[in-house]
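In what follows, a single structure is set out as structure tokens and then discussed.
The values are calculated or read from the model by the stated rules, or taken from the named source; none is laboratory data. For clarity, every value in this text was computed on a predicted model and none was experimentally measured. Cβ: placed from backbone, ideal geometry, glycine included. Neighbour counts: every protein chain shown.
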Amino acid sequence: MASMRDIKRRKGSVQSTQQITKAMKLVSTVKLQKAKQKAEQTTNYFDAMYNTVQNMLAKAKNINHPYLQASSSTKKLVIMITSNKGLAGGYNSNIIKLITQGEFDKADVKIMAVGRKGKEAMTRYGYEIYKDCCEIIDGPTYEDARALAKEALELFAKGEVGELYLAYTHFKNTVSHIPTLVKLLPVEADANREVAQDCNIPMNFEPAEEEALQLIIPTYITSLIYGGMMESVASENGARMQAMDSATSNAEEIIDKLTLQYNRARQGAITQELTEIIAGAQAIS
């Protein structure tokens, strides 16, 4: 059985850890509120842009545009959004599994890493890190998303990659975060999307269809990337808040058990001392 000194030392260590996890929970809660607000503010724009492109694809048939056609390259560029910090439960590992345990061939995947945890993990797994953009996730902006979209579109246009994907965490609510993989290029109509009643009404383009897509798709890709970053930041802080809350509760349980062990050890020591005193007094008398 551990001595009272050992138990007391361990209890103090757990209490110190509990103070840290409690403080991290409070910080994550504040950051979550700000990130959640930003994510909600971008949702309407995100949805409007998505619906616009989907309506164009549904109403305008036989559009011949490079962004709608796969190139001969088998390479796939994945914009992978994780965090720069850990202690967020399964937030990072779920995104990593989305790629490593998916249908992708490792030899054909290029990773554009937005987040240090994802970059480090994919490096360990032997994936090619095409670009390190880890610093972006600490304070993502629309300009950051535009720069990523521009570079990705250039690679696609040159035929260096045949497909472009976005791996991020969809923020459903404070406790629900869904790892999501979205195909950005070539742009395809969503097969699961409900078709509007007016989908057969002809759509006129000004300028021409190809030129309109040339203008709108870069903005479409940028909005998806920016929306993914905003939702990922909110999900990260939500996941960290949950993880720290769980850690704080576990620390409380451990402290209670150690307190009980300490009291039992103390009671045993007092009983032992009384027994020795009584035995000594009897021996003297």
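Quick notes on this structure:
- Residue within region 4-24 that is closer than 27 Å to Ile136 by Cβ and either part of a helix (DSSP H, G or I) or touching a helix residue (DSSP H, G or I) at 6+ places or on another chain (Cβ under 9 Å) (or both) present: yes
- Residue match in region 140-149 (condition: surrounded by fewer than 16 Cβ atoms within 10 Å (Cβ to Cβ) and not hydroxyl-bearing (Ser, Thr, Tyr)): yes
- Subset of region 96-118 that is farther than 20 Å from Glu160 by Cβ and in a helix (DSSP H, G or I) - its residue that is farthest from the chain's Cα centre (by Cα): Thr100
- Condition check for Thr82: β-branched (Val, Ile, Thr), under 16 Å from Leu224 (Cα atoms) and touching a residue at least 24 places away in the same chain (Cβ under 8 Å): yes
Here's the yes/no breakdown for (1) polar (S, T, N, Q); (2) within 17 Å of Ile217 (Cα to Cα):
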residue	(1), (2)
Lys36	no, no
Ala39	no, no
Thr42	yes, no
Met49	no, yes
Gln54	yes, yes
Ala58	no, yes
Asn64	yes, yes
Leu68	no, yes
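- In region 204-215 there is at least one residue that is outside any helix (DSSP H, G or I), among the polar types (S, T, N, Q) and either assigned by TED's automatic domain parsing to the domain that holds His170 or touching a strand residue (DSSP E or B) at 6+ places or on another chain (Cβ under 6 Å) (or both).
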